[in-house]
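Colleague: The structure that follows is given in the form of structure tokens.
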Amino acid sequence: MLNIKKIIKKLIPKVFINWYHFILAYAGAWFYGFPSKKMIVIGVLGTRGKTTTANLIWSCFTAAGYKTGLTGTANIRIGDEERMNPYHMTMPGRFILQKLLREMYNSGCRCVVVETPSEGVEQWRHKGIAYDAAVMTTLYPEYLAVHNWSFERCKDMDEKIFEILYSQSRKKIGGKKIPKVIVVNNEIEEKERFLKHNADIKVTYAIHGNADIVPNDINVSSSQVSFSISGITYTLGILGDFNVGNALAAIATVSAYGISNEATQKGLQNIHLVPGRMEKISEGQEFSVFVDYAHDAVSIKAALGSIKNLKKDREGRVIVLLGGQGGGRDKKKRPIMGRIAAEEADFVIITNEDPYEDNPIQIMEEVARGSEDAGKVREKDLFVVNDRRDGIRKALSLAHSHDIVLIAGKGAEQSMEVKGGQISWDDRMVVKEELRKIRKK
């Protein structure tokens, strides 16, 4: 069935496929009564950090007393109810996204945070969504088949949300006019590209350099991350030094909507877990295990950097499991990921991830080549294991007391894309199952 779909897609001109997505998006919005027109809608864009930033924004609005919804890569929130995203895509199509927005509105949500990836914009899934804010997190080179392998095209798609923002009608919710807001990471090279577009309020943030919001006294330890802005201290409930930038994006966004410093402080501290983002898995073992969505060179390096910060207070080795994606994802990143993993970890396990219709052995070997170039030796400190469960089992079996294991690539995804279709999968559940088996021995 998948092969037939691929053949049909190749035969049909792209313009007709685009129209198909466009019509579906608007039809879904019409069918569900354009629910986004009745809520404050915040779009979170960029190549990294969207999921965590979106969850932090959700938490700050919630702490301020607003019932808030969220749609994203890892999870879907309707007020305090949370469910995992089962669709294996950040912006699900075929009416699903609009159905979720309608469900949020009907449940009393008046704010919603929508992770908006460039792929979703390319396929018109943003159409029928009335955005009030566009938040640009980070922009690292990303080459996807959906963008014809062009990073420039990826940036074009992100910019579309900023282009349409000011032209969309102003909403009046709870008797208040809702401003159009642009939030941009001032450390990205393309910042002016997004800031040039019209908005009622524009806010920039940066960890280093000039911006409207800049942190001081950044403190990253094995137990917490904190910083201050204008004398006000913010403490994060989640670990990872890279989350400082995500928190700044959230602060910049909610401040534009008048959320108090007290509510923002509470919101940032209340989030103790973003599913599949440096999520700690514990079944009573003597070593630490984290599951993270890191699936490219930049995020692998960031995740392993955070692992090193956790190691500062103790002895122990680092064991990392990773793979590579097929299905039109960037092939060039594979050996780079393997090299970074080899440089930053003591042991590297390479396994299957989401091969789609591609050859999984070829994908793994391309990642392994990078690790070997960095000095890792097969069957000594580098292991290539085809089956992902077996790979996870191998990673855990290598761990001793005080070691740290990072299971990277899938995070909280609920399925794996393989030849012939989708199989049910959750790294977090598999890790728990394998840890329990170890304990029984």
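Colleague: Quick check on segment 255-262. Is at least one of its residues under 22 Å from the mean Cα position of the chain (by Cα) and not in a strand (DSSP E or B)?
Modeller: The answer is no, given that none of the residues of segment 255-262 is under 22 Å from the mean Cα position of the chain (by Cα) and not in a strand (DSSP E or B).
Colleague: Test Ile188 against the criterion of being crowded, with 17+ Cβ neighbours inside 10 Å and either under 25 Å from the mean Cα position of the chain (by Cα) or farther than 30 Å from Gly108 by Cβ (or both), and give yes or no.
Modeller: Taking the combined requirement at face value, the residue satisfies it.
Colleague: Moving to a separate point now. Of the residues Arg170, Arg125, which is farther than 25 Å from Asp292 by Cα, in contact with a Leu (Cβ under 7 Å, 6 or more places away or on another chain) and not polar (S, T, N, Q)?
Modeller: None of the others qualify; the one that does is Arg125.
Colleague: Return the residues of segment 42-73 that are surrounded by fewer than 24 Cβ atoms within 10 Å (Cβ to Cβ) and not in a loop (DSSP other than H, G, I, E, B); say none if nothing qualifies.
Modeller: Thr62, Ala63
Colleague: Let me confirm something: among Gly328, Gly305, which residue is farther than 29 Å from His402 by Cα, modelled with pLDDT under 95, surrounded by fewer than 23 Cβ atoms within 10 Å (Cβ to Cβ) and outside the structural domain of Ala133 (by TED's automatic domain parsing)?
Modeller: Exactly one of Gly328, Gly305 is farther than 29 Å from His402 by Cα, modelled with pLDDT under 95, surrounded by fewer than 23 Cβ atoms within 10 Å (Cβ to Cβ) and outside the structural domain of Ala133 (by TED's automatic domain parsing), namely Gly328.
Colleague: Here's a follow-up. What is the number of the single condition among (1) outside the structural domain of Ile407 (by TED's automatic domain parsing); (2) part of a strand (DSSP E or B); (3) within 21 Å of the chain's Cα centre (by Cα) that Val291 does not meet?
Modeller: (1)
Colleague: Say we look at segment 128-149 and pick out the residues that are touching an Asp or Glu at 6+ places or on another chain (Cβ under 7 Å) and modelled with pLDDT under 90; which of these is nearest to Lys202 (Cα to Cα)?
Modeller: Glu142
Colleague: Regarding Pro117, is this residue surrounded by 24 or more Cβ atoms within 10 Å (Cβ to Cβ) and either not assigned by TED's automatic domain parsing to the domain that holds Asn185 or not charged (D, E, K, R) (or both)?
Modeller: Spelling it out, Pro117 is indeed surrounded by 24 or more Cβ atoms within 10 Å (Cβ to Cβ) and either not assigned by TED's automatic domain parsing to the domain that holds Asn185 or not charged (D, E, K, R) (or both).
Colleague: Moving on. In this structure, is Ile182 in contact (Cβ under 8 Å) with a residue 60 or more places away in the chain and in the same structural domain as Ser118 (by TED's automatic domain parsing)?
Modeller: no
Colleague: A further question on this structure: Inspect segment 367-378 for any residue being in contact with a strand residue (DSSP E or B) (Cβ under 8 Å, 6 or more places away or on another chain), surrounded by 24 or more Cβ atoms within 10 Å (Cβ to Cβ), over 21 Å from Trp149 (Cα atoms) and in the same structural domain as Ser397 (by TED's automatic domain parsing) and give the result as yes or no.
Modeller: Yes - at least one qualifying residue is present in segment 367-378.
Colleague: Continuing with this model, one more query. May I ask you to list the residues in segment 130-145 that are within 20 Å of the chain's Cα centre (by Cα) and surrounded by 19 or more Cβ atoms within 10 Å (Cβ to Cβ)?
Modeller: Correct list: Tyr131, Ala133, Ala134, Val135, Met136, Thr137, Thr138, Leu139, Glu142, Leu144.
Colleague: Then there's this: Output the residue which, of all residues in segment 242-257 that are in contact with a helix residue (DSSP H, G or I) (Cβ under 7 Å, 6 or more places away or on another chain) and of a type in the set (A, V, I, L, M), is surrounded by the most Cβ atoms within 10 Å (Cβ to Cβ).
Modeller: Filtering segment 242-257 for residues that are in contact with a helix residue (DSSP H, G or I) (Cβ under 7 Å, 6 or more places away or on another chain) and of a type in the set (A, V, I, L, M), the one surrounded by the most Cβ atoms within 10 Å (Cβ to Cβ) comes out as Ala250.
Colleague: Right, here's the next one. Just need a number here: residues in segment 405-424 that are out of contact with any Pro (no Cβ under 8 Å at 6 or more places or on another chain) and within 13 Å of Gly276 (Cα to Cα).
Modeller: 6
Colleague: For segment 287-302, indicate whether the set of residues that are of a type outside the set (Phe, Trp, Tyr) and farther than 17 Å from Ala345 by Cα is non-empty.
Modeller: no
Colleague: Going by the conditions given, is Glu152 modelled with pLDDT of 95 or more and assigned by TED's automatic domain parsing to the domain that holds Leu45?
Modeller: It is false that Glu152 is modelled with pLDDT of 95 or more and assigned by TED's automatic domain parsing to the domain that holds Leu45.
Colleague: Right, next: Ala297 versus (1) out of contact with any Phe, Trp or Tyr (no Cβ under 8 Å at 6 or more places or on another chain); (2) free of Cβ contacts under 8 Å to residues at least 60 places away in the same chain; (3) not assigned by TED's automatic domain parsing to the domain that holds Glu344: which is the lone unmet condition?
Modeller: Against the list (1) out of contact with any Phe, Trp or Tyr (no Cβ under 8 Å at 6 or more places or on another chain); (2) free of Cβ contacts under 8 Å to residues at least 60 places away in the same chain; (3) not assigned by TED's automatic domain parsing to the domain that holds Glu344, Ala297 comes up short only on (3).
The values are calculated or read from the model by the stated rules, or taken from the named source; none is laboratory data. It should be emphasised that the depicted structure is a prediction, and the values quoted were computed from it without experimental measurement. Quick reminder, even Gly has a Cβ in these numbers, built from the backbone with ideal geometry, and neighbours come from all protein chains shown.
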